[in-house]
1. Where does each of Glu287, Glu262, Glu189 land when they are ranked from fewest to most other beta-carbon atoms within 10 angstrom?
2. For a Förster distance of 35 Å, can you work out the FRET efficiency between the beta-carbons of Glu63 and Arg383, rounded to the nearest 0.05?
3. Starting from the eigenvalues of the Cα gyration tensor, five times each then square-rooted, give me the equivalent ellipsoid semi-axes of the range 33-113, largest first, whole Å.
4. Round to a whole angstrom and tell me the spacing of the C-alpha centers of the range 232-249 and the range 264-320.
5. Would you mind listing how long the range 356-428 runs along its three principal axes, going by Cα atoms, in whole Å with the largest first?
6. Go ahead and collect, in residue order, the members of the range 84-102 whose backbone nitrogen is under 14 Å from a label point 7 Å along the Cα-Cβ direction of Asp462.
7. Tell me which trypsin sites (Lys or Arg not before Pro) from the range 341-406 have a DSSP coil assignment and no more than 12 other beta carbons within 10 Å of their own.
8. Using the C-alpha atoms of the range 250-377, what convex hull volume per residue, in cubic angstrom, is computed?
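FYI, it's all coordinate maths here, none of it is from the lab. This is a predicted model, so every value here is computed, not measured. With ideal geometry, Cβ positions are generated from the backbone for all residues, glycine too; neighbour counts draw on all protein chains shown.
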Amino acid sequence: MFHRIQPDVRTGLADRLELGESLTSMTGAQDRPVVIVGGGISGLSIAWLLAEVGVETVVIEKEERLGGLARSFTYDDFTFDIGPHRFHTYLPEVETFIRDVLDSHTLEINRSSKLQFRGSFYPWPLHPSRSLFRFPPGVALGVIRDMLIGFPRHETESFRDQIIHMYGETLYRHFFEGYSTKFLGIPPEVTHRDWAKTGVDRAIIDSRMQIESLWALAWQILTTWKKSEMKFLYPQGGCEQFVINLRERLESLGCLIVCGSEVDALEVSGGRISSVVVGDRTIEPSEVVWTGTIQSLSERLGLDRPNLNYLPLLCYNVMLNDGRPFDFQWCYHGSADAIFSRVSAPASFDPSNTPPGKRSLCVEVTCGAKNGVYDEPEDHLDRVIEDLQKEKLLTTGGEVIGAKIERVPWAYPIYDLEYRDKLGAFEQQIADVDNLMMAGRLGKFWYNNMDHCIEAAFPIRDQILTRLKRPSQRSA
């Protein structure tokens, strides 16, 4: 599927490709388009930053819709994102970009996230003065003991050791161990310590909070509890509105967007990608930015597939006829008895995400160790509903008026103990391809959020402009 661009803006590129012609035999590398593989937030942000300074760009997306993990799904006036998506940054350049793209669709909301633990709900991040003494007595005393005696200070390699180093044995044993095992599908002992720091940082979100230990968490929360609540930016109407607005801007500048098509081959000559083959069409690129999976890139380059794996995700989007609002935007569930790891309430981001008098939940089930669940998700819907009742999110199953299931095959990178070495070896293999750059969660094997994707797009833009010997600002 080819999205048409405005007929008076650089239509030669679009017309030639839509008519089945190949984009070849251009005069020089600087005059050839930048090809961006993948139409998620990373790919589209890079495309926009290049297109606005006059660089010809082509975005190739294998799905029929743009957005990647930023897509939204709407059924009967219920809108669901793929989990709790939102924008949060302290970088003026990134916030300006987000607000500029969202324009009138910008909502500002206060954060409200929770943790379900032993049948009770706690604000997340945990606030020592509000949460500690609500814990079961044995857990609370264990946390106090851990804080008093201190945590191990030796070098850590695994998630297990890093969490004990940061939070102590008690919280590791009672929450983090079970949650991580359920979420990733591999034991904490063979999960890399990066997952501890990255996962916790992504959950806490506030980049000003450098959480290296339970004492640090306690101190920072205690010293900032009177400050104003953290605010997010959210696209009115669902996360995909950001993608829709960005696509419209790209098309207005003549960017060619190709959906429903895969890159079949990357032809390398003289240390550069000389041709990008898409079906029966060939594009000669100046630069290639790859935001797809590492495995798909290795196949197109004729390299051995690296043993780097991604975690598949199921979103059970549950529609409810009960209008009582949930008092959180998202909530973590560490119980091994619950099939899901996290739920989010779309109406807590934007009330228009549900019809009046209704509510809904996006229930996330990761499938690292549950391949049968991913292959036959409908068979497990009753279990999801039962667990929602056990976790005190539903009163009865009779509240449910419908549910839809969305598969996300590559949701998170899996950080096993050897992932850094395997990733480094692959990056070394492709280092000699001068005009290839990796980006995004999948391409960089990086657990990032949407605002991190946008932040990373700026240096990629600058690097490409330097290579093309192009100015960084559009001429007047």
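1. Working: Glu287 25, Glu262 16, Glu189 13.
In increasing order of surrounding Cβ atoms, one gets Glu189, Glu262, Glu287.
2. Numbers: r = 28 Å, r/R0 = 0.81.
FRET efficiency, Glu63 to Arg383: 0.80.
3. Details: eigenvalues 120, 74, 22 Å².
Semi-axes (√(5λ), whole Å): 25, 19, 10.
4. Here the two parts' Cα centres lie 25 Å apart.
5. For the range 356-428, the Cα extents along the three principal axes come out at 55, 28, 20 Å.
6. 92-94
7. Numbers: sites: Arg342, Lys358, Arg359, Lys370, Arg383, Lys390, Lys392, Lys404; in loops: Lys358, Lys370, Lys392.
Loop-located and lightly packed - Lys392.
8. Working: hull volume 26.1 nm³, N = 128.
Cα-based convex hull of the range 250-377, divided per residue, equals 204 Å³.
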